[in-house]
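To start, the structure under review is shown below, and the notes come after it.
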Amino acid sequence: MIELQNIKKTFNDKKVIKGIDLKVNQGEVVTFIGRSGSGKTTLLRMINALELPTEGAVYVNSETYDNKDKKSQIKVRRQSGMVFQSYNLFPHKTELENVMEGLITVKKMKKAKAQQQALVLLEKVDLTAVKDQRPNALSGGQQQRVAIARALAMNPKVMLFDEPTSALDPELVNDVLRVIKDLANEGMTMIIVTHEMRFAKEVSNKIVFIHDGVVGESGAPEQIFNHPQTTELQRFLNMLREA
Amino acid sequence: MFLNLNSEQQHALDAAGQAFMPMLEGLVKFSIPITLVTFVLGLVIALAAALMRISTSRILRGIARFYISIIRGTPMIVQLFIIFYGIPELGRLLTNNSENQWTLAPVIAAIIGLSLNVGAYASEIIRGGIMSIPKGQTEAAYSIGMNYRQTIQRIILPQAIRVSVPALGNTFLSLIKDTSLLGFILVAEMFRKAQEVASTTYEYLTIYLLVALMYWVVCFIISIVQNFYESYLERGYRS
């Protein structure tokens, strides 16, 4: 479903990603963990071409892109849905319009049909009650669930989550995690960057520990969390336990 | 008369009365219509220039920057003179025929000159508005599959315009006041009408205070409308 081949990324002479190969199969939930600055978010963003690799190739659902070809990037991008740390809802549109936007602009759907589909998705994230409100009137947790509905509306083959709960108040985190868990249970292929280790353990088939721009260690959650092999991963997990 | 005026005061008052109707005519027939037309045209130019300024093409960026630099770096009255008095001579110079004058009507020259001005100043405002929209908005639009044009049109511009409205309101007020320069290229706008009466009656103080008052009333009304429009745009953004 997703294949990253020898990905390297340099930002102003600084090597952020130093050669990563990764495969994600259909229906798998893969979580990237690692310290801030380890490159995990950058790697995630390459999967929908918001960030372009300096070297290497990205395949999503057998589509790939060229750094100079915007059209190929859009094609790859349309395979996946992205959920951002800071939600990034469109503030000038209501929740319903946020979810409808891609259907109307990108899929050229008729307004009535788009509205119907958007309502189904808002129902799924339990937010039909606020459909006519603007994002600013909502809590962070509600905004993030709208953002998930907005991404799902495009019927993506893969969902990408970039620290979806990091900006949320603690009491709102669970509502968002529940929605993500539901998606996992439905068999959605997902890649998640998160600091919520308990959640990562519950929801993932595979954990990828990224350290200093390379894959430090990867495997099943049980193995990664209970039997870490490398000292880097052991140190990282200890640090989290102390916090 | 109810007031007991001396003859000097009576003369001043008569001059004001004599000036009022021609001034109002200048305002309604020229100052206001020219302002409205140039503001719309200017915004179209501004939008194009702003998009050129943020484009990835170095040539487009260069053209826009040059245009803005010329307009902002030269006095408007000089630009108006070049357009009105200068352009007709282009015909003579280019065709080597002294009879060939590409004459522009004063109003047309005025609209060209003012639109180019509004375009340059407002483009910087709109560009600022566009740049003030967080990068996450573009990324979110891209992430649902939008292309650059769709992103600009549906996501960035609606938000950027809202941010720009207060500053564009100022541009509009400046524009109304700048129409007072158009008398110098023979447009019969309000200030020119005032000058005509002032120079025949010698009542400079009265006439120029009257014209100032009229500009102020117009600007005052516009700023009220602008306030309403701003609060209309703000609706729903505050929780």
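The values are calculated or read from the model by the stated rules, or taken from the named source; none is laboratory data. All of these numbers come straight from a predicted model, not from anything done at the bench. In this analysis, Cβ positions are derived from the backbone assuming ideal geometry, glycine residues included, and neighbour counts consider all displayed protein chains.
General observations
- A:Glu51 assigned to a loop (DSSP other than H, G, I, E, B), of a type outside the set (A, V, I, L, M, F, W, C) and in contact (Cβ under 8 Å) with a residue 40 or more places away in the chain: yes
- Unmet requirement for A:Ser80, which otherwise passes all of (1) under 21 Å from A:Phe199 (Cβ atoms); (2) touching a residue at least 40 places away in the same chain (Cβ under 8 Å); (3) surrounded by fewer than 22 Cβ atoms within 10 Å (Cβ to Cβ); (4) of a type outside the set (A, V, I, L, M): (3)
- Condition met for B:Glu196 (charged (D, E, K, R), assigned to a helix (DSSP H, G or I) and either farther than 26 Å from B:Ile126 by Cα or in contact with a His (Cβ under 6 Å, 6 or more places away or on another chain) (or both)): yes
- Verdict on A:Ser38 being without any contact (Cβ under 8 Å) to a residue 12 or more places away in the chain and small (Gly, Ala, Ser): no
- Selected residue (criterion: farthest from the other protein chains (Cβ to nearest Cβ)) from residues of region A:47-86 that are hydrophobic (A, V, I, L, M, F, W, C) and more than 25 Å from B:Pro134 (Cβ to Cβ): A:Ala57
- Scan region B:115-138 for residues that are surrounded by fewer than 17 Cβ atoms within 10 Å (Cβ to Cβ), at the interface with chain A (Cβ under 10 Å from one of its Cβ atoms) and assigned to a helix (DSSP H, G or I) and the total you get is 2.
- Per this entry, A:Leu89 is counted among residues that are crowded, with 22+ Cβ neighbours inside 10 Å and either on the phi > 0 side of the Ramachandran plot or among the hydrophobic types (A, V, I, L, M, F, W, C) (or both).
- Among the residues listed as B:Arg154, B:Arg92, B:Arg149, the single one being without any contact (Cβ under 8 Å) to a residue 12 or more places away in the chain and either in a loop (DSSP other than H, G, I, E, B) or within 14 Å of chain A (Cβ to nearest Cβ) (or both): B:Arg149
- Residue match in region A:157-174 (condition: out of contact with any strand residue (DSSP E or B) (no Cβ under 6 Å at 6 or more places or on another chain), without any contact (Cβ under 8 Å) to a residue 40 or more places away in the chain and basic (Lys, Arg)): no
- Selection status of B:Ser7, modelled with pLDDT under 95, more than 24 Å from B:Val197 (Cα to Cα) and out of contact with any Asp or Glu (no Cβ under 9 Å at 6 or more places or on another chain): no
- Check on A:Leu89, away from every other protein chain (no Cβ under 14 Å) and among the aliphatic types (A, V, I, L, M): no
- Selected residue (only one of A:Ala118, A:Ala153, A:Ala137 is touching a residue at least 40 places away in the same chain (Cβ under 8 Å) and either farther than 20 Å from A:Lys201 by Cα or of a type in the set (Gly, Ala, Ser) (or both)): A:Ala153
- Flag if B:Leu43 is touching a residue at least 40 places away in the same chain (Cβ under 8 Å) and touching a Leu at 6+ places or on another chain (Cβ under 9 Å): yes
- Search result, residues across region A:43-74 that are at positive phi and of a type outside the set (Ser, Thr, Tyr): A:Ala49, A:Gly56, A:Asn61
- Count of region B:95-113 residues which are touching a residue at least 12 places away in the same chain (Cβ under 8 Å) and either under 19 Å from the mean Cα position of the chain (by Cα) or part of a helix (DSSP H, G or I) (or both): 7
- Any hit, region B:200-222, residues being under 21 Å from B:Gly119 (Cα atoms) and surrounded by fewer than 19 Cβ atoms within 10 Å (Cβ to Cβ): yes
- For beta carbons closer than 6 Å, sequence separation of 6+ or different chains, a first residue in region B:188-217 that is closer than 14 Å to B:Pro22 by Cβ and a second that is of a type in the set (S, T, N, Q), the qualifying pairs are B:Glu189/B:Ser31; B:Glu189/B:Thr179; B:Met190/B:Ser31; B:Phe191/B:Ser180; B:Val197/B:Gln18.
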